[in-house]
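Notes follow once the structure below has been shown.
A short reminder: the numbers here are calculations on the coordinates, not readings from a lab. All of these numbers come straight from a predicted model, not from anything done at the bench. In this analysis, Cβ positions are derived from the backbone assuming ideal geometry, glycine residues included, and neighbour counts consider all displayed protein chains.
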Amino acid sequence: MEWMFGTSGIRGIYGKDITPELALRLANAFAETDVCIGRDTRGSGVPLAFAAMSGVLSSGHDGIGLGIAPTPLVAFASMKYGCGGLMVTASHNPAEYNGLKFMRKGREISRAEEKRVLERHGGGMGYGASPGERRREDVIPEYMELVKKNVDTELIAKKKPKVVVDCNGAGALVTPYLLRELGCKVVSLNCETRGFNRPSEPNKENLSWLSSAVRSCGADFGIAHDGDADRCAIVDERGELLNADVQLALMVGEELARKKGKIISSVESSLIVKETVEGNGGRFVLTPVGSVHVSEEMEKSGAVFGGEPAGEYVFRGGVLVPDGVMAAAKYVELFCGKGKLSVLASRFKTNPMAREKFKTADRVRAMEKIAGTLKLEGKRETGDGIRIDGDGYWVLVRASGTESIIRLTAEAKTKELLDKVCSKAREAIRNAV
Ligand code: MG
């Protein structure tokens, strides 16, 4: 078998790793209850979603077809109907990729349930009498109502900001309409729902059209999603993409102003985010890398907000998967309350960072050795690699999930301090790989 569960469902090249046959069998294995099915705008999503629907219906459970829908909307539907959710997407990966994300009751399924899906898949197709396919047209408006409950609609309606929205995928069916209903003047870019107009990942290189559109329209700012709209990237009024850590820190500040409590982020989270949490009376809690861990910890600890610097944010009042659409509405609110995003962003000072990688024959043994020899002052976390948070710096030593590599990531207030902690970490890693 060529495929396996990654950090977020399964992904691969369409026609090679990911086929309609696989979608049929996996959806059948997953369907122990009714399942709602959505997809992003990739062409290969159509045969995959029909195959997945067939897999669900042949199991004897009800399939709820959502058509093109953002991942957070499929999560919302699975919460509303108390059923499974299946999203056909390869998220920010290129157009030739596709995949499946499995959800249940508003969140991604656990490792234990992934194992169960694999076991049932191994046992072959299960058959039952199908009650028939349903289509639900009411999910988008109900989801929009949920988002509206989480922002200050009066403030936005009064300010009427001008926003360019670059969806390039499933967000096109929700975000521009939602922002218009909130009172924004919306300029839509790449909002067709056939394929992609730019690569899916909302990074600087891929957002040059958005940047120039924001400038030429004189917009207040710009918003971009990835193909399944669980991510949200922000471009300020000058057309500059916000630094990912600064973007996350801005949202952390907003959410803590709303309610004090725990903020969940992964071990790759920066000093800017940590200082924003602590400076605003919150408690900073770290999880392993991956939104599924952030969501799990949020649910367990009752935290007020969770996010990763990739533009993936989980909101207390929403679903327990990253929600790029709600994030878009929250940035609109932030702009209306606080003003120009370039000015807000300039208040954060980014620090020097180091990212290095070291080849190794045995990742597990190397990490065990490093655990004994890496000695740096500070609070030590070992949930996913080794992270040490010291005075004015943090260091993360972590084995790659897919390659025979140990990664060193570090950030410090000054270049001198960064060099000092990196040379200590480097020595421990070199002696172990
Ligand atoms: Mg995504």
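Backbone phi angles across segment 176-183, fed through the Karplus curve with coefficients 6.51, -1.76 and 1.60 (θ = phi - 60°), yield HN-Hα couplings of x, 5, 4, 5, 5, 4, 6, x Hz in residue order; Gly and Pro are listed as x. A simple rule links phi to the HN-Hα coupling: the Karplus curve 6.51 cos²θ - 1.76 cosθ + 1.60 with θ = phi - 60°, which for segment 339-346 gives x, 3, 5, 5, 5, 4, 5, 5 Hz, with x for Gly and Pro. Relative to a virtual label point 7 Å from the Cα of residue 215 in the Cα→beta-carbon direction, which members of segment 226-260 show backbone nitrogen distances below 15 Å? Residues passing the 15 Å test: 235-242. As a proxy for reagent exposure, ranking 87, 251, 4, 103 by other Cβ atoms within 10 Å from fewest up yields 4, 251, 103, 87. Counting each DSSP H run of 4 or more residues in the chain as -39500 (n - 2.57), what helix-only mean residue ellipticity at 222 nm follows after dividing by all residues, to the nearest 500 deg cm²/dmol? Rounded to the nearest 500, the figure is -11500 deg cm²/dmol. Within the shell of other residues whose beta carbon sits under 10 angstrom from the beta carbon of residue 323, the net charge comes to 0, with Lys and Arg scored +1 and Asp and Glu -1.
Phi angles across segment 103-114 convert, under the Karplus curve 6.51 cos²θ - 1.76 cosθ + 1.60 with θ = phi - 60°, into 3J(HN,Hα) values of 10, 8, 6, x, 8, 5, 5, 7, 4, 5, 6, 4 Hz, Gly and Pro given as x. Averaged over residues, the count of other Cβ atoms within 10 Å places the peptides 163-169, 88-94 in the sequence 163-169, 88-94, highest first.
With a/c under 1.5 counting as rounded, go ahead and sort segment 353-430 into rounded, prolate or oblate using the C-alpha gyration tensor (a ≥ b ≥ c being the square roots of the eigenvalues; past the cut-off, prolate if a/b is larger than b/c, else oblate). Here segment 353-430 falls in the prolate category.
With a cut-off of 15 Å between beta carbons, the residues surrounding residue 161 carry a summed charge of +2, where Lys and Arg count +1 and Asp and Glu -1.
Within straight-line reach of residue 16, meaning a Cα separation under 23 Å, sit the following lysines at least 8 residues removed in sequence or on another chain: 101, 115. Roughly what % of DSSP beta bridges within segment 73-192 run antiparallel, to the nearest 5? Of all bridge pairs located within segment 73-192, approximately 60 percent are antiparallel. With Cα atoms defining each centre, segment 1-74 and segment 330-376 are spaced 33 Å apart in the structure.
Out of every Cα pair in the chain, what percent are spaced more than 34 Å from each other? That fraction is 33 percent.
Taking a point 7 Å out from the Cα of residue 162 in the direction of its Cβ, the residues of segment 171-193 whose backbone N falls within less than 13 Å of it are 185-188. Please identify the GluC sites (Glu not before Pro) of segment 146-239 that satisfy two criteria: DSSP loop assignment and at most 11 other Cβ atoms within 10 Å. Which are they? Answer in residue order: no site qualifies. Would you please classify the overall shape of segment 293-433 from the alpha carbon gyration tensor, given that a ≥ b ≥ c denote the square roots of the eigenvalues, rounded means a/c under 1.5, and beyond that prolate means a/b larger than b/c while oblate covers the rest? Because a/c hits 1.5 or more and a/b exceeds b/c, segment 293-433 counts as prolate.
For residue 226, nonlocal amide neighbours, meaning residues 5 or more places apart or on other chains whose placed amide H falls under 5 Å from its own, are 231. Over 20 Å apart at the Cα level, from the set 159/330; 357/413; 259/338; 274/379; 260/300; 162/274, are 357/413; 162/274. Once the chain from residue 426 to residue 257 is taken as fully extended at 0.36 nm per residue, the excess over their C-alpha distance is 56.9 nm.
Fewest neighbouring Cβ atoms within 10 Å first, the residues 41, 373 line up as 373, 41.
Based on Cα contacts under 8 Å between residues 6+ apart, the chain shows a relative contact order of 12 percent.
Listed from fewest to most Cβ neighbours within 10 Å, the set 411, 145, 356 follows the order 145, 356, 411.
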